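What follows is a set of notes on a single structure, which appears directly below.
The values are calculated or read from the model by the stated rules, or taken from the named source; none is laboratory data. All figures in this text were calculated on a predicted structure; none of them were measured in a lab. Ideal geometry is used to build each Cβ from the backbone, glycine not excepted, and the neighbour counts take in all protein chains shown.
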Amino acid sequence: MNAIEKVDLKTLDLSDYDELEALMKDCYPNIENPEWKKPQLEKLLSLFPEGQIVIKVDGKIVACALAFITHYSRFEEDHTYSEITGNFSFDTHSEDGDVMYGLDLFVHPDYRGMRLGRRMYDYRKNLCEDMNLRGIVLGGRIPNYHKYHEELSAKEYIRKVKHKEIHDPVLNFQLANDFTVKRIVKNYLSNDPSSQEYAALLEWANIYYTKPAKTFKPEKSVVRLGLVQWQMRSYDGFEGLKEQIEFFVDAVSGYEADFLMFPEYVNAPLMAAYNRLSEVEAIRKLAGYTDRMRDTFADFAISYNINIITGSMPELRNGHLYNVGHLCKRNGEIEKYEKIHITPSEVSAWGMHGGNQIKTFDTDAGKVGILICYDIEFPELTRLLALQGLDILFVPFMTDTQNGYSRVRNCSQARAIENECYVAVAGSVGNLPKVHNMDIQFAQSVVFTPCDFAFPTNGIKAEATPNTEKILIVDVDLDLLRELHEKGSVRILKDRRTDLYDVILKDKD
């Protein structure tokens, strides 16, 4: 498979039917005619357009999910697939229904393993919350049951799948997406010998459901952050480092985090192989890994459905060395940020240059800014970002001593208060005995908040144990920032005396 540039989840457009038909043939090779006819999809789109979605990878449709809305009371008794769909007329759809019924979900064989199915289920779950539905219900096939039906009842088979004693690709996938088995249905889908015409009636419950449904429209504002307090250690080359990075990506994405941040110079352990060289030569060798690191993070962002702040890495550009990082979004987009202010040791040891870009980034979970380590000690930078609408500021850092860490920590907390935003800092711990200029590390990862009644009194949302490798998972509420800007006991951004002073971003090419 070629390198992926962009992943988009969109509602289905009927003009894409020819491409969708080809996808169905690839997904259902044993079915002679397309699973879904064009008039059926046209009907579904007219009834519930938000429920019919596709995923496009670099413009090509590779996955699809279909659904409609109905009443939970329909599941009081057993039903067949034909009955619940009104014999595929979808007359069972109800605008005032209280559950989403999953009709189908399929992914092109070449794109399985990218967690596209989970991405579509996450969309469905968010849609349920937005519409205040009780949850999602569907009939799940058990396609491996035909191998065991002579020795196991359907109930025993499902129990063994739940306990990992038997693998069933469909049921395992549903259970991994937080569905529970409500009951077993016989004769659910005709002509399904693999499942022996059994199905597991599965349910995902929306814990935010509130009656009456017609008047409740929650707006999601809570964003989950994952910070990696990274242990500097020796690795067996690039693949060893990549394996450790994926471990943390997998762990944090398992908590359904929206963002994951690594610290500054996350790939520094790879310099151990060049310790015989001068410091200037070794850092330039490390810069040779940066494009590969960026692409690795970008692939993980897509496959684990999480926005990743890559920390930072050296980049050699036009003969000059820069300290840069990348925001790898889960839709496949990649944006770069640069360290503006270079520390004296970075200049003397490596000849590092400062970048020029000062900007915020729009994401699917708020407007974010990223400043690398020393930059947080210059308050003008964060103020410029705040004036662009900053919600969350991420600060990947690397400090060797506790006094260096104290500068980053205290300045970060000040920036959160001054600019009425959240500030998340993540650094590295441990040591690199075979890497010059990076031998020891000190860090404590923290999420800071403004100081007002809606926030912790000390302005600290959460903090990790100092100098220990771990992850910090934190929820922050963007709506609290909106209220603070307008109704805070003090309103720092609104009350500035711009008639006397201002901070202005110069146009530097």
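Give me the pairs: first residue in segment 452-466 and of a type in the set (A, V, I, L, M, F, W, C), second residue modelled with pLDDT under 95 and assigned to a loop (DSSP other than H, G, I, E, B), beta-carbon distance under 7 Å, and six or more apart or on different chains, which are they?
From segment 452-466, the pairs are F453/S489.
Have a look at D250, D236, D258, D178 and point out the one that is crowded, with 18+ Cβ neighbours inside 10 Å and acidic (D, E).
Values: D250 fails: crowded, with 18+ Cβ neighbours inside 10 Å; D236 fails: crowded, with 18+ Cβ neighbours inside 10 Å; D178 fails: crowded, with 18+ Cβ neighbours inside 10 Å.
Result of the check over D250, D236, D258, D178: D258.
I need every pair where a residue in segment 418-433 that is in contact (Cβ under 8 Å) with a residue 24 or more places away in the chain has its Cβ under 7 Å from the Cβ of a residue that is among the β-branched types (V, I, T) and surrounded by fewer than 21 Cβ atoms within 10 Å (Cβ to Cβ), sequence separation at least 6 or different chains.
Going by the 7 Å Cβ cut-off, the qualifying pairs are E418/I492; E420/I492; V429/T468; N431/I440.
Within the set of pairs 6+ apart or on separate chains, which have a first residue in segment 471-495 that is closer than 30 Å to F247 by Cβ, a second that is among the basic types (K, R), and C-beta atoms under 7 Å apart?
Here the result reads I473/R224; V474/K461; D475/R224; V476/K461, each pair linking segment 471-495 to a residue that is among the basic types (K, R).
Can you pull out the residues in segment 441-481 that are of a type in the set (S, T, Y) and within 27 Å of F248 (Cβ to Cβ)?
The answer is S445, T449, T465, T468.
So, in segment 386-404, exactly how many residues are of a type in the set (A, V, I, L, M), surrounded by fewer than 24 Cβ atoms within 10 Å (Cβ to Cβ) and closer than 19 Å to L480 by Cβ? Let's see the steps before the verdict.
Start the filter on segment 386-404 by keeping residues that are of a type in the set (A, V, I, L, M), which leaves 386-387, 390, 392-393, 395, 398.
If we keep only those that are surrounded by fewer than 24 Cβ atoms within 10 Å (Cβ to Cβ) as well, we get 386-387.
Within this subset, residues satisfying the condition of being closer than 19 Å to L480 by Cβ are 386.
The total comes to 1.
Using beta carbons and a limit of 7 Å, which pairs, at least six apart or on different chains, have the first residue in segment 372-389 and of a type in the set (K, R) and the second one modelled with pLDDT under 95?
R383/V503
Checking S94 against (1) crowded, with 18+ Cβ neighbours inside 10 Å; (2) among the hydroxyl-bearing types (S, T, Y); (3) touching a strand residue (DSSP E or B) at 6+ places or on another chain (Cβ under 7 Å): exactly one of these is not met. Which one?
Condition (1) is where S94 drops out.
Find the residue count for segment 309-322, including only residues that are surrounded by 18 or more Cβ atoms within 10 Å (Cβ to Cβ) and within 17 Å of D295 (Cα to Cα).
Just the residues of segment 309-322 that are surrounded by 18 or more Cβ atoms within 10 Å (Cβ to Cβ), to begin with: 309-315, 321-322.
Going one step further and asking which of them are within 17 Å of D295 (Cα to Cα), we end up with 309-315.
Counting residues in segment 309-322 that are surrounded by 18 or more Cβ atoms within 10 Å (Cβ to Cβ) and within 17 Å of D295 (Cα to Cα) gives 7.
Per-residue answers, yes or no, for (1) under 30 Å from L277 (Cα atoms); (2) of a type in the set (D, E, K, R); (3) crowded, with 18+ Cβ neighbours inside 10 Å; (4) assigned by TED's automatic domain parsing to the domain that holds T465:
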{"residue": "I342", "(1), (2), (3), (4)": "yes, no, yes, yes"}
{"residue": "S406", "(1), (2), (3), (4)": "no, no, no, yes"}
{"residue": "C421", "(1), (2), (3), (4)": "no, no, yes, yes"}
{"residue": "V425", "(1), (2), (3), (4)": "no, no, yes, yes"}
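Please give the number of the condition L116 fails out of (1) surrounded by 20 or more Cβ atoms within 10 Å (Cβ to Cβ); (2) at positive phi.
Condition (2) is where L116 drops out.
Name every residue in segment 327-357 that is polar (S, T, N, Q) and within 19 Å of R119 (Cα to Cα), in order of residue number. Steps first, answer last, please.
From segment 327-357, those polar (S, T, N, Q) are 331, 343, 345, 348, 356-357; that's our starting set.
Result: N331, single match.
With respect to I372, is the statement that it is modelled with pLDDT of 95 or more, aliphatic (A, V, I, L, M) and over 27 Å from the mean Cα position of the chain (by Cα) true? Talk me through it step by step, then tell me what you get.
Working: modelled with pLDDT of 95 or more: yes; aliphatic (A, V, I, L, M): yes; over 27 Å from the mean Cα position of the chain (by Cα): no.
The answer is no for I372.
How many residues does segment 270-291 hold that are among the basic types (K, R) and closer than 17 Å to L241 by Cα? Reasoning before the result, please.
From segment 270-291, those among the basic types (K, R) are 276, 284-285; that's our starting set.
Right, trim to closer than 17 Å to L241 by Cα and you get 285.
Within segment 270-291, residues that are among the basic types (K, R) and closer than 17 Å to L241 by Cα number 1.
Of all residues in segment 428-438, how many are exposed (fewer than 15 other Cβ atoms within 10 Å of the Cβ) and within 28 Å of V476 (Cα to Cα)?
Going through segment 428-438 one residue at a time, the tally reaches 0.
Do any residues in segment 124-135 that are farther than 15 Å from P49 by Cα have Cβ atoms under 8 Å from those of residues that are among the aromatic types (F, W, Y) and surrounded by fewer than 19 Cβ atoms within 10 Å (Cβ to Cβ), where the two are at least six apart or on different chains, and which pairs are they?
Cβ pairs passing all conditions: E129/Y208; N132/Y208; N132/Y209; N132/F216; L133/Y209; R134/Y72; R134/Y209; G135/Y209.
For every residue, the table says whether it meets (1) of a type in the set (K, R); (2) closer than 20 Å to T468 by Cβ.
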site: E246; (1), (2): no, no
site: V249; (1), (2): no, yes
site: Y265; (1), (2): no, yes
site: M271; (1), (2): no, no
site: R276; (1), (2): yes, no
site: V280; (1), (2): no, no
site: G288; (1), (2): no, no
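Which of the residues that make up segment 417-476 are outside any strand (DSSP E or B) and closer than 21 Å to P314 by Cβ? Walk me through it before giving the result.
Within segment 417-476, the subset outside any strand (DSSP E or B) is 417-421, 427, 432-439, 443-445, 449-459, 464-469.
Listed by number, the residues that qualify are G427, L432, P433, K434, V435, H436, N437, M438, D439, A443.
So, in segment 439-474, of the ones that are in contact with a Phe, Trp or Tyr (Cβ under 7 Å, 6 or more places away or on another chain) and of a type in the set (A, V, I, L, M), which residue ends up surrounded by the most Cβ atoms within 10 Å (Cβ to Cβ)?
A443
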